[in-house]
1. I'd like the full set of residues that are farther than 15 Å from residue 933 by Cβ, part of a loop (DSSP other than H, G, I, E, B) and touching a residue at least 60 places away in the same chain (Cβ under 8 Å), limited to segment 1008-1022.
2. If you check residue 54 against the conditions, is it out of contact with any Asp or Glu (no Cβ under 7 Å at 6 or more places or on another chain), in a loop (DSSP other than H, G, I, E, B) and surrounded by 16 or more Cβ atoms within 10 Å (Cβ to Cβ)?
3. If I ask for residues that are open to solvent by 50 Å² or more (accessible area, probe 1.4 Å), at pLDDT 85 or above and under 30 Å from residue 597 (Cβ atoms), which ones from segment 12-51 would you list?
4. Among 129, 103, which is the only one that is more than 35 Å from the chain's Cα centre (by Cα) and not in a loop (DSSP other than H, G, I, E, B)?
5. State whether one or more residues within segment 803-810 are over 20 Å from the mean Cα position of the chain (by Cα), under 24 Å from residue 659 (Cβ atoms) and surrounded by fewer than 21 Cβ atoms within 10 Å (Cβ to Cβ).
6. Taking only pairs six or more apart or across chains, which ones have beta-carbon atoms under 6 Å, a first residue in segment 636-658 that is at positive phi, and a second residue that is surrounded by fewer than 23 Cβ atoms within 10 Å (Cβ to Cβ)?
7. Would segment 815-831 turn up any residue that is touching a helix residue (DSSP H, G or I) at 6+ places or on another chain (Cβ under 7 Å), open to solvent by less than 10 Å² (accessible area, probe 1.4 Å), touching a residue at least 40 places away in the same chain (Cβ under 8 Å) and over 19 Å from residue 397 (Cα atoms)?
8. Quick one: count up the residues across segment 891-931 that are among the aromatic types (Phe, Trp, Tyr) and surrounded by fewer than 18 Cβ atoms within 10 Å (Cβ to Cβ).
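The values are calculated or read from the model by the stated rules, or taken from the named source; none is laboratory data. Source: prediction; values computed, not measured. Heads up, the Cβs are rebuilt from the backbone with ideal geometry, glycines too, and the neighbour counts pull from every protein chain shown. To get the accessible areas, we keep the full protein, side chains included, count just its heavy atoms, and leave off ligands, DNA and RNA. Shrake-Rupley method; radii C 1.70, N 1.55, O 1.52, S 1.80 Å.
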Amino acid sequence: SAFRAFLMFCATLGGDERRVESRTINVGHRSGSPNEAIIPPKFCDNRIVSSKYTVWNFLPKNLFEQFRRIANFYFLIIFLVQVIVDTPTSPVTSGLPLFFVITVTAIKQGYEDWLRHKADNEVNKYPVTVLEDGRRIRKESEKIKVGDVVEVEEDETFPCDLILLQSSRDDDTCFVTTASLDGESNHKTHYTVPDTERNLESLNATIECEEPQPDLYKFVGRMHIYTNNQEPAVRSLGPENLLLKGATLKNTQKIYGVAVYSGMETKMALNYQGKSQKRSAVEKSINAFLLVYLCILVSKALVCTTLKYVWQSKPGQDEPWYNEKTQKEKDTNLYLKMFTDFLSFMVLFNFIIPVSMYVTVEMQKFLGSFFITWDKDFFDPEIKEGALVNTSDLNEELGQVEYVFTDKTGTLTQNNMEFIECCIDGFQYKYQDARSELDGFCVTDGPVNKLQEELFLRALCLCHTVQVKESPESFIASSPDEVALVKGAMRYGFTFLGLESKSMKILNRNNGVEMYELLHLEKCDTLLFCKGADSSIFPRVRQEEVERIRMHVERNATEGYRTLCVAYKCLSAEEYAQADEGLREARLALQNREEKLMAVYNQVETGMSLIGATAVEDRLQEEAAETMEALQGAGMKVWVLTGDKMETAKSTCYACRLFQRNTELLELTVRTLEDGGRRREERLHDLLNEYHKKAVQDAPPAKADYGFIIDGATLSMVLNSSSESNSSRYKNLFLQICQNCTAVLCCRMAPLQKAQIVKMVKNSKGSPITLSIGDGANDVSMILEAHVGIGKEGRQAVRNSDYAIPKLKHLKKLLLAHGHLYYVRIAHLVQYFFYKNLCFILPQFLYQFFCGYSQQPLYDAAYLTMYNICFTSMPILAYSLLEQHICIEVLLDNATLYREIAKNATLRWRPFLYWTLLGVFHGLLFFFGVRYLFSNPALQDNGQVFGNWSYGTIVFTVLVFTVTLKLALDTRHWTWINHFVIWGSLAFYVFFSFFWGGIIWPFLSQQRLYFVFANMLSSVSAWLVIILLILLSLLPEILLVVFRKPRGPNARQVDSFALALKHVPLPLSHPLLSPPFFSGPASSKMKHRLPSSGTSTIFMLSQTASTHSFSWSD
């Protein structure tokens, strides 16, 4: 039966768990036996807590988490060194940026946690009705205790996990939707505990059940009902009696239930707690680059410390006449002095480590995630919802996906079933013009057996969990398959009228109403109907009946239909009594209940008679084929992981174009293992070697089109071979075969196996980035296991996912457009930050060679502090949020562009080396260019010379303008925000320099920049050098844009496209930037030009050119 299939699924889902503890609950807090005193057990309250912090622990806990980051901890050490040791720069220079970073991150995390507190309060303060001493009392949800009897009305959600005691329906059932838990929007039927008192005030009962565990589909318990000092009646409790927190009551006016699990012990909360922290590949690259720059910093400090003491070892250099040492300095230990000098140099050069980069990255991810939620293309008018971002830390991972793991039912397909046809006794039936019709596709000729036909249709009307909603043609059920089959039977003249008490009513072809008792023993024999997959039904029926039906089942599965077989058995009174007794005993067991139930079912369901089979169509999702084709075109490997049978899943893969007609399928299933007539393990070994030779060893240079199919049973053999060495070898062979196939289909998968597959690929060589997408609770394990988890519609899947989208078709834009842009933006942000900090500190390092290694700062403390916080931070933040180096239409039309950024292409060592060398070139040019200017002794009109602070200010001015204009040259998508922050940052620097140096500040003991900036700009030579050095620094970039022209017959068509691609932060020799990329057949496919990027670039160049000519004429 459907319920039996449900129990089989539960047993599969949690077969590894063994419960060793149980809890006892007094219903209504009343003692079961009058002679027993109640000792109230300690259970947790009903508060839900999803937040990380409280008011009291926010500060210490958040600071601890932030200082676990290597950069934050490093700057804290530097700040403490500046406070303790006499260093050349003020503690403010490193303390203020660190404080800014810590504060902004704390505000962001505090805000996110406040939202979690707000959501928790909405749940915890929700008013509920509880029965206490015969009175209905309203209280807050968080005050419910285990053992309370709770009243829930229609369309309300259950405040905790309840055992159903009483329902307003006459048949003692209630209907529930669990969309918030497992994504199933269908109505599920739950049953009250049999023989409970109608008056709950007088109910004396205790419940003994298992301790809380997260499996949504498993519950084992029993209820002891005490009446008038008699022996207590014992009733079994299962998942059909348990109402889960978060589910909603439907089509039932009111129910009463007793709380068994509350708060953080409810199944919903236990499932929510299993989410682990995911880290992106970009974050790992940042840490690697950080270590390189840390090594550069230490090297600089060591070089300067060594050269200082070499220089001081020369006569007269250690203690010149104008700088005699104090007695304290003379008495200081030499090695201690060397160590403090080393620390001083570390402090002086520490700005090469970009601490503010972390806060900029955090802000970019947080603000950037809103672009996904704001995207109108993701809005679905049917459910009136758009995309949802649960984790903003993984935005850039969307642009790096190599493997996509997708569920089939409800993800690739709509999970909206329609009855197509059926087969009865070997004859095919198709509905046409309100009558059944034979098409001759049958094993035997001759008229069909009318008795068999009616028996089959009665089975469809009776073997289900469907309920009539309002009219006889409106049904609700826990599975859409069930409704489709009942409606199919209705087409052929048998209409299900509903359930009254324990009787099922159907209307037959003769308009006669038939009544059937459920599990009721009468004098006549009892009919047992069984409906299920062919793999489950065929072993339970007489084998001579199988062949007549098998060909229909296989043909229907090949056409993409979901098939079910129907069988029956006539039970004698003795057989029924024996089975009934066995089921009662098994249901009362607290230990191994599923195994005992399965043993009874297997004993009864033997020697059954096969009647026929059904075919139901589950239509594909909108644009499913186009989406899968685009993902494969982008270089992603798509794996379909499903619990469905192989033939149905295979036809879905063909319909989605994952398998093409020329695809050679490599099948590794139980069927192929049994073909050779040898032991399964030997056959598995041979097939794996054969497929490996074909797909890997002998694969032609141009990869052949292979598809791989495996089922759950064979996968278990591959992963859990009897020999450990064999298991490891099989796993490697299996992975290598799959990696050489265009698509992989894994059918008959249990939820745990889905997660095992994802984990195996994720941990394979190269650590490829994986993405899982699913819609139900059975997909949660693989969603959590993958690098990026996408939930679709189903609330449990959405709750545990990183991103949620309404439709499968939205995955294309999410990855090919948003993912691509997010990755390129953040990659440029990271490389640019390291570049601009190297430009910043290299002149400071070079300056030590000209000041006797005295740790003299080149820049003023204000400049050191403000450089990363104010002068250069906003332009790169705006760029990293708004840049579109290629417009979205081109990205969607040309999926192959996604391949160019795959495998972290723009954050590899080669691009990093390019940016580092660019920073070295600019740093050398800034320092020595200004030094060449200073070779002229008189730079001002009055013949006065510039001092060291003027020198540093000129270098700093060239630096700020160069790194900002470099970003302006890289910008392809200009908005008013870009203009505002780029030109506004430069204007703010000039204004700040005038303001900072133009006033005497009372809190400064010494004012190094008093009128330095204004005095500097009074010199024509200083103006000339500043403009000239900026132009010389940017000249390679300008020439590259001007002279790099696309070649080929379609050069004009892709001119703007070429300019857009130039921006990608790669080495100049990267193939993506080379002219052949824009010529030939590929370029002829380009349909869209970039409307703004090309013209923006040309506009910028004309600005630069005019400035250049103006400077020279001046």
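1. 1008, 1009
2. Details: out of contact with any Asp or Glu (no Cβ under 7 Å at 6 or more places or on another chain): yes; in a loop (DSSP other than H, G, I, E, B): yes; surrounded by 16 or more Cβ atoms within 10 Å (Cβ to Cβ): no.
No.
3. 24, 43 - these are the residues of segment 12-51 that are open to solvent by 50 Å² or more (accessible area, probe 1.4 Å), at pLDDT 85 or above and under 30 Å from residue 597 (Cβ atoms).
4. That would be 129, the only listed residue that is more than 35 Å from the chain's Cα centre (by Cα) and not in a loop (DSSP other than H, G, I, E, B).
5. Restricting attention to segment 803-810, the residues satisfying the condition of being over 20 Å from the mean Cα position of the chain (by Cα) are none.
No, every residue in segment 803-810 fails to be over 20 Å from the mean Cα position of the chain (by Cα), under 24 Å from residue 659 (Cβ atoms) and surrounded by fewer than 21 Cβ atoms within 10 Å (Cβ to Cβ).
6. Between residues of segment 636-658 that are at positive phi and residues that are surrounded by fewer than 23 Cβ atoms within 10 Å (Cβ to Cβ), the close pairs are 657/625; 657/629.
7. no
8. So the count comes out to 3.
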